[in-house]
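K.L.:
Quick one: this structure, given as structure tokens, is what I'll be asking you about.
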Amino acid sequence: MLQKTLTKSNKTDLYLDLVELTSGLLLAGFLWTHMLFVATILISQETFNRLSEFLDTYYLSYIGIPFVLVIALFHFVIAGRRIPTRIQEQKIVWQHAKMLRHTDTWTWVFQAITGMAILVLASIHVWMVVTGWPIRAMNSAERMESFWWFYLILLIVGEYHAGFGVYRQFVKWGWFPRKPIGYVTKVITAIMLALGLAAMVVLVQIGGAI
Amino acid sequence: MADRELTFEIFRYNPQKPEIKPYMQTYKLKETPGMTIFVALNQIREEQDPSLMFDFVCRAAICGSCAMIINGRPKLACKTLTNTLPSKIKLFPLPVFKLIGDLSVDTGTWFRHLSLKTEAWVHTSKTFDPKAQEERMDNETALRIYEAERCIECGCCIAGCATANIRDEFLGAAGINRVARFMIDPRDERTPAEYFEVVGCEEGAFGCMGLMACDDNCPMELPLQMQLAYVRRKMAAYGLGYKATQGVKLA
């Protein structure tokens, strides 16, 4: 009780909740921008390369990538505190979700799973990109051709996690009614998935042509 | 739908007789027009098995005592018509609450704890004068208070909540809705700091993960999402503006 009494009645829980919110929104914003940037390959290889060179010349990638990594790490630790860690709690959550057959409960279970998947997959992705620096259409096309299945999984889990994450934050803070927010996030997610898939197809074709 | 034979699979367990492990018992029953789960359970108890335990009082969705898990979802037995369900009906007691036996749970202890923890009464320094005219309140505020007050404490929101199922201390939608009710009430003189003490934490507003099973399963259709969000926003706004008092340092 001593420890509990002394640590209670402060604002830690509020701050954690706010860090979860801001880091999540920043990451979702980053992911969506990222997908738009990648989708410039749909216009032309030159556009893709010019954008990438622009980001390099102004050191935006060199600031952006470490920044996003730090935010992602914070998000993993702080949003991850919601994930039940004890086996019994895990069992309860699964049993509960199966019993309730409630959409938002299931989407949350998958959000926890996709979160873990992103932690692993995105780390590999960043490693591959950074060791194959700089980002140019040819490098990306080669990577995409060899590892399209890897990027397909990452695209789906990433967009899923971001879309439902944004939805859930809006639900929790109640800035807008739930149903319209659900539609909006689903539409954004669908657009991002479509862009990502289209970019993948183009990159794989370029990679195949080399 | 007429002349259906309903098959009830009902959870049986009596904590007083722990030597008999929990099991599912099957009962068959002819469906009658307008039959509710409440009617069906009474008929089973009268005609087939007097040992079956379940709760009910008002049979009109007012008392909140007949909440149970009906085909996986928390619902009121008296408000659930059998013709809205398939002919196989599975019944479980509400999770989270203490099991009395079979379908009967003790929601009273849980809600009493909630009332005490949130101090669910109007805190005022004024002494009541029975001869004075009642204080006036604008209609909008009165309606907002009434909306939150419609909670019948059936426990469906708690049973449906993943957080409440794994964290015993979590107040759940019923608890946070109750706090919201007093926050709106102009007669309550509690300061934001006092509210923050109760719900500005993981056990309260910030423990909600936003799965909204409470909102989707409330038999009274209370606007629980907005109530939870209201308290969360209020507490965040207050928490960002106030200075924590200096505590004792252990090392």
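The values are calculated or read from the model by the stated rules, or taken from the named source; none is laboratory data. Just so we're clear, the structure is a prediction, and the values are computed from it rather than from any experiment. Here the Cβ positions follow ideal geometry from the backbone for every residue, glycine too, while neighbour counts run over all protein chains shown. The area values use the complete protein model at the heavy-atom level, side chains included, leaving out ligands, DNA and RNA. Shrake-Rupley method; radii C 1.70, N 1.55, O 1.52, S 1.80 Å.
Rundown of residues vs (1) farther than 22 Å from A:GLY80 by Cβ; (2) more than 8 Å from chain A (Cβ to nearest Cβ); (3) touching a Ser or Thr at 6+ places or on another chain (Cβ under 8 Å), yes/no style:
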{"position": "B:ALA148", "(1), (2), (3)": "yes, yes, no"}
{"position": "B:GLU153", "(1), (2), (3)": "yes, yes, yes"}
{"position": "B:ALA159", "(1), (2), (3)": "yes, yes, no"}
{"position": "B:PHE170", "(1), (2), (3)": "no, yes, yes"}
{"position": "B:TYR195", "(1), (2), (3)": "yes, yes, no"}
{"position": "B:GLY204", "(1), (2), (3)": "no, yes, no"}
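K.L.:
When residues of the range A:168-210 are filtered for being in contact (Cβ under 8 Å) with a residue 24 or more places away in the chain, of a type in the set (Ser, Thr, Tyr) and within 14 Å of another protein chain (Cβ to nearest Cβ), how many remain?
P.N.:
The total comes to 0.
K.L.:
Could you check the range B:50-70 and list, in sequence order, the residues that are β-branched (Val, Ile, Thr) and either part of a strand (DSSP E or B) or touching a strand residue (DSSP E or B) at 6+ places or on another chain (Cβ under 6 Å) (or both)?
P.N.:
Listed by number, the residues that qualify are B:ILE69, B:ILE70.
K.L.:
Test B:ALA159 against the stated conditions and say whether it is free of Cβ contacts under 8 Å to residues at least 60 places away in the same chain, open to solvent by less than 10 Å² (accessible area, probe 1.4 Å) and under 24 Å from B:LEU103 (Cβ atoms).
P.N.:
No.
K.L.:
What number goes with the only condition from (1) within 14 Å of chain A (Cβ to nearest Cβ); (2) open to solvent by less than 80 Å² (accessible area, probe 1.4 Å); (3) touching a residue at least 24 places away in the same chain (Cβ under 8 Å) that B:LYS90 does not pass?
P.N.:
Result: B:LYS90 passes all but (2).
K.L.:
For the range A:97-210, which helices (runs of 4 or more DSSP H) that fit wholly inside it have 2 or more residues that are more than 14 Å from the chain's Cα centre (by Cα) and within 18 Å of A:ALA39 (Cα to Cα)?
P.N.:
Ranges flagged: A:137-173, A:178-209.
K.L.:
Further question on the same structure: Restricting to the range B:8-22, and then to whatever is touching a residue at least 12 places away in the same chain (Cβ under 8 Å) and open to solvent by 20 Å² or more (accessible area, probe 1.4 Å), can you tell me which residue is farthest from B:THR84 (Cα to Cα)?
P.N.:
Checked the range B:8-22; the qualifying residue farthest from B:THR84 (Cα to Cα) is B:GLN16.
Yes/no matrix, rows are residues, columns are (1) open to solvent by 80 Å² or more (accessible area, probe 1.4 Å); (2) in contact (Cβ under 8 Å) with a residue 24 or more places away in the chain; (3) farther than 30 Å from B:CYS156 by Cβ:
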residue: A:ASN49; (1), (2), (3): no, yes, yes
residue: A:ILE63; (1), (2), (3): yes, no, yes
residue: A:ARG81; (1), (2), (3): no, yes, no
residue: A:ILE87; (1), (2), (3): yes, no, no
residue: A:HIS96; (1), (2), (3): no, no, no
residue: A:MET99; (1), (2), (3): no, no, no
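K.L.:
While we're on this one: Quick one: which of B:GLY175, B:GLY210 is part of a loop (DSSP other than H, G, I, E, B) and either at pLDDT 95 or above or of a type outside the set (Ser, Thr, Tyr) (or both)?
P.N.:
B:GLY210
K.L.:
Across the range B:10-39, what is the number of residues that are within 18 Å of B:LEU76 (Cα to Cα) and out of contact with any Phe, Trp or Tyr (no Cβ under 8 Å at 6 or more places or on another chain)?
P.N.:
Counting residues in the range B:10-39 that are within 18 Å of B:LEU76 (Cα to Cα) and out of contact with any Phe, Trp or Tyr (no Cβ under 8 Å at 6 or more places or on another chain) gives 5.
K.L.:
Being in a strand (DSSP E or B), out of contact with any Pro (no Cβ under 8 Å at 6 or more places or on another chain) and over 14 Å from B:LEU52 (Cβ atoms) is the filter here, so list the residues in the range B:90-109 that pass it.
P.N.:
Answer for the range B:90-109, where residues must be in a strand (DSSP E or B), out of contact with any Pro (no Cβ under 8 Å at 6 or more places or on another chain) and over 14 Å from B:LEU52 (Cβ atoms): B:LYS90, B:LYS98, B:ASP106.
K.L.:
Given the options B:THR124, B:THR107, B:THR84, name the one that is under 15 Å from the mean Cα position of the chain (by Cα) and on the phi < 0 side of the Ramachandran plot.
P.N.:
Answer to the selection: B:THR107.
K.L.:
Of all residues in the range B:178-200, how many are basic (Lys, Arg) and part of a loop (DSSP other than H, G, I, E, B)?
P.N.:
Residues in the range B:178-200 being basic (Lys, Arg) and part of a loop (DSSP other than H, G, I, E, B): 2 in total.
K.L.:
Also, quick follow-up: Return the residues of the range A:79-96 that are more than 8 Å from chain B (Cβ to nearest Cβ) and in a helix (DSSP H, G or I); say none if nothing qualifies.
P.N.:
Listed by number, the residues that qualify are A:ALA79, A:GLY80, A:ARG81, A:ILE87, A:GLN88, A:GLN90, A:LYS91, A:TRP94, A:GLN95.
K.L.:
From the list A:LEU14, A:LEU36, A:LEU69, which one is within 12 Å of chain B (Cβ to nearest Cβ) and assigned to a helix (DSSP H, G or I)?
P.N.:
A:LEU14 is the lone residue from the list that is within 12 Å of chain B (Cβ to nearest Cβ) and assigned to a helix (DSSP H, G or I).
K.L.:
Residue pairs, Cβ under 8 Å, 6 or more apart or interchain, first in the range A:125-141 and without any contact (Cβ under 8 Å) to a residue 60 or more places away in the chain, second open to solvent by 40 Å² or more (accessible area, probe 1.4 Å) and of a type outside the set (D, E, K, R). List them.
P.N.:
Pairs found: A:MET128/A:PHE147; A:VAL129/A:ILE135; A:GLY132/A:ASN139.
K.L.:
Also: What are the residues in the range B:71-89 that are in a strand (DSSP E or B) and not charged (D, E, K, R), if any?
P.N.:
Result: B:PRO74, B:LEU76, B:LEU81, B:ILE89.
K.L.:
If you go through the range B:67-81 one residue at a time, how many are away from chain A (no Cβ under 12 Å), in contact (Cβ under 8 Å) with a residue 40 or more places away in the chain and closer than 14 Å to B:ILE10 by Cβ?
P.N.:
Number of matching residues: 1.
K.L.:
Any residue at all in the range B:222-235 that is within 12 Å of the chain's Cα centre (by Cα), within 11 Å of chain A (Cβ to nearest Cβ) and either in a helix (DSSP H, G or I) or of a type in the set (Val, Ile, Thr) (or both)?
P.N.:
Yes, there is a match, as at least one residue in the range B:222-235 is within 12 Å of the chain's Cα centre (by Cα), within 11 Å of chain A (Cβ to nearest Cβ) and either in a helix (DSSP H, G or I) or of a type in the set (Val, Ile, Thr) (or both).
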